[in-house]
Amino acid sequence: MKTLSSKQKVLIGVAVAVAVALPLFTPDFRLFQASQVLIFAIAILGLNLLTGYNGQLSVGHGAFFAVGAYTTALLMNFAGFPYWATVPAAALVCLAIGFLFGLPALKLDGHYLALATFALALAVPQLLKYKKFSKYTGGAPGTSIEKPNSPFEFELFGRAFNADVWLYLFVLAITVVLFLCAWNLVRGRIGRALVAIRDQPMAAQAMGVNTAIYKSLTFGVSAMYTGIAGALNAITVQYLAPDSFHMFLSVFLLVGMVIGGMGFIPSALFGAVVIVYLPNFAADISKSLPGAIYGVLLILLVYFMPQGIWGALDRLRTMRLPQRSKDAAIPNPGTQRPTP
């Protein structure tokens, strides 16, 4: 497994320190938006593991987002689970469902797999509205859960350490852990196998890679990440309705992955910022045509940054590196004639 360089460790440490200090100078509403960015970053990261690294196209991850959210609601409302215990439970449920869904999906590829996941995204909200399940899901009106209280009550630099601050830090801690786990996963032997399956599936299988198991497990892990994001979203919003998990949620996750950059771990954060803040920015530009403005902005982003925001930043970093001159190149000893 590739280890982090000293510069990367410093940058990550600074970013985490800034994120931890954010509640000191941020009002509650902006803190809620920051929590939403982290939650959607987790979901986009899960989709990126599946599509960006393994090459399986999904347009139905909003269904796993809904499963994770409703798992949290059911365990809190009917089983008396504490909110923090519902997150690993939602992770296990979505891991199992994603793995089982990935098994028959092995026979599908490309747009056929996308169509199957699209059907899943359409079916789950309807199942949540089904009258026989409405006792548990709340039906079409939805259901609510109790807002968690902060385990600590104090003030720091005039800022009350309330429930909003605690939930933000709770989401931040889980986000950091999941991003580090994903980084370790893709930088190791498993990550190389995933990329090999994406680029050259026949060659990977010929070299002994069990493509069926890897693809199914990747689908399960991807669904697990998205389910965790759904559970955290339920905890922070405290309200769930089937219409909140419409098919466009899956499309927004796909947009965030593409805009952020496919095949890059940090790109999920940039994609999450785009899907959380860009609609509001478009509405501020034009109250009557926010959808049109949003579409134009997305087209501009894709046109000028075809590899996503992180890809563009990486390209700028590469362009700034000093290029070795041809005179400084080391000559090939085999092409030199001996001096007489």
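The values are calculated or read from the model by the stated rules, or taken from the named source; none is laboratory data. For clarity, every value in this text was computed on a predicted model and none was experimentally measured. So basically every Cβ, Gly included, is an ideal-geometry build from the backbone, and we count neighbours across all protein chains shown. In case anyone asks, the SASA skips ligands and DNA or RNA and just uses the protein heavy atoms, side chains included. Shrake-Rupley method; radii C 1.70, N 1.55, O 1.52, S 1.80 Å.
Anything in segment 286-301 that is more than 21 Å from L45 (Cβ to Cβ) and surrounded by 13 or more Cβ atoms within 10 Å (Cβ to Cβ)? List them, or say none.
Going residue by residue through segment 286-301, those that are more than 21 Å from L45 (Cβ to Cβ) are 286-297, 299-300.
Once the filter is applied, which keeps residues that are more than 21 Å from L45 (Cβ to Cβ) and surrounded by 13 or more Cβ atoms within 10 Å (Cβ to Cβ), segment 286-301 yields L289, P290, I293, Y294, V296, L297.
Going by the structure shown, is P23 assigned to a helix (DSSP H, G or I) and either touching a Cys at 6+ places or on another chain (Cβ under 7 Å) or without any contact (Cβ under 8 Å) to a residue 24 or more places away in the chain (or both)?
So P23 does not fit the description; no.
Would you please name the residue that is modelled with the lowest pLDDT, looking only at residues in segment 117-156 that are farther than 29 Å from A105 by Cβ, polar (S, T, N, Q) and in contact with a helix residue (DSSP H, G or I) (Cβ under 7 Å, 6 or more places away or on another chain)?
S150
Mind checking which residues of segment 66-118 are aromatic (F, W, Y) and closer than 23 Å to V171 by Cα?
Y70, F81, Y83, W84
Please enumerate the residues belonging to segment 212-226 that are free of Cβ contacts under 8 Å to residues at least 24 places away in the same chain and surrounded by 18 or more Cβ atoms within 10 Å (Cβ to Cβ).
Passing the criteria: none in range.
Which condition does T86 not pass, out of (1) buried (at least 18 other Cβ atoms within 10 Å of the Cβ); (2) within 21 Å of H246 (Cα to Cα); (3) of a type in the set (S, T, Y), if it passes all the others?
If we test T86 against (1) buried (at least 18 other Cβ atoms within 10 Å of the Cβ); (2) within 21 Å of H246 (Cα to Cα); (3) of a type in the set (S, T, Y), just (2) comes out false.
What single numbered condition from (1) outside any helix (DSSP H, G or I); (2) surrounded by fewer than 16 Cβ atoms within 10 Å (Cβ to Cβ) fails to hold for G55?
That leaves (2) as the condition not met.
Among the residues of segment 67-81, is any open to solvent by less than 60 Å² (accessible area, probe 1.4 Å), within 30 Å of L167 (Cα to Cα), free of Cβ contacts under 8 Å to residues at least 40 places away in the same chain and touching a Phe, Trp or Tyr at 6+ places or on another chain (Cβ under 9 Å)?
Within segment 67-81, one or more residues are open to solvent by less than 60 Å² (accessible area, probe 1.4 Å), within 30 Å of L167 (Cα to Cα), free of Cβ contacts under 8 Å to residues at least 40 places away in the same chain and touching a Phe, Trp or Tyr at 6+ places or on another chain (Cβ under 9 Å).
I want to confirm something. Restricting to segment 170-196 and keeping residues that are out of contact with any helix residue (DSSP H, G or I) (no Cβ under 9 Å at 6 or more places or on another chain) and of a type in the set (K, R), which single residue is surrounded by the fewest Cβ atoms within 10 Å (Cβ to Cβ)?
Checking each candidate, the answer is R189.
For residues that are open to solvent by 40 Å² or more (accessible area, probe 1.4 Å) and part of a helix (DSSP H, G or I), scanning just segment 302-314, find the one that is nearest to A268 (Cα to Cα).
Of segment 302-314, the ones open to solvent by 40 Å² or more (accessible area, probe 1.4 Å) are 302-307, 310, 313-314.
Narrowing the set further to residues that are part of a helix (DSSP H, G or I) leaves 302-304, 310, 313-314.
On the way: V302: 16, Y303: 19, F304: 19, W310: 9, L313: 14, D314: 14 Å.
Across segment 302-314, the extreme among qualifying residues is W310.
Taking I293, is it closer than 28 Å to N233 by Cα and modelled with pLDDT of 90 or more? Working first, answer last.
Details: closer than 28 Å to N233 by Cα: yes; modelled with pLDDT of 90 or more: no.
In short, no.
What number of residues in segment 227-247 are assigned to a helix (DSSP H, G or I), within 20 Å of the chain's Cα centre (by Cα) and in contact (Cβ under 8 Å) with a residue 40 or more places away in the chain?
Count: 13.
Tally the residues that are assigned to a helix (DSSP H, G or I), over 22 Å from the mean Cα position of the chain (by Cα) and either surrounded by 12 or more Cβ atoms within 10 Å (Cβ to Cβ) or polar (S, T, N, Q) (or both), restricting the search to segment 197-211.
Selection size over segment 197-211: 4.
Here is a yes/no grid of residues against (1) open to solvent by less than 40 Å² (accessible area, probe 1.4 Å); (2) at pLDDT 85 or above; (3) within 24 Å of C181 (Cα to Cα); (4) out of contact with any helix residue (DSSP H, G or I) (no Cβ under 9 Å at 6 or more places or on another chain):
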{"residue": "Q8", "(1), (2), (3), (4)": "no, no, yes, yes"}
{"residue": "V14", "(1), (2), (3), (4)": "no, yes, yes, yes"}
{"residue": "P23", "(1), (2), (3), (4)": "yes, yes, no, no"}
{"residue": "T26", "(1), (2), (3), (4)": "yes, yes, no, no"}
{"residue": "R30", "(1), (2), (3), (4)": "no, yes, no, no"}
{"residue": "L38", "(1), (2), (3), (4)": "yes, yes, yes, no"}
{"residue": "A43", "(1), (2), (3), (4)": "yes, yes, yes, no"}
{"residue": "G46", "(1), (2), (3), (4)": "yes, yes, yes, no"}
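Return a yes/no flag: does segment 110-124 have any residue that is open to solvent by 40 Å² or more (accessible area, probe 1.4 Å) and not in a helix (DSSP H, G or I).
no
If L50 satisfies all but one of (1) at pLDDT below 95; (2) touching a helix residue (DSSP H, G or I) at 6+ places or on another chain (Cβ under 6 Å); (3) open to solvent by 50 Å² or more (accessible area, probe 1.4 Å); (4) assigned to a helix (DSSP H, G or I), what's the number of the condition it fails?
(3)
Can you find even one residue in segment 150-169 that is surrounded by 14 or more Cβ atoms within 10 Å (Cβ to Cβ), among the aromatic types (F, W, Y) and assigned to a helix (DSSP H, G or I)?
Yes; the residues of segment 150-169 include at least one that is surrounded by 14 or more Cβ atoms within 10 Å (Cβ to Cβ), among the aromatic types (F, W, Y) and assigned to a helix (DSSP H, G or I).
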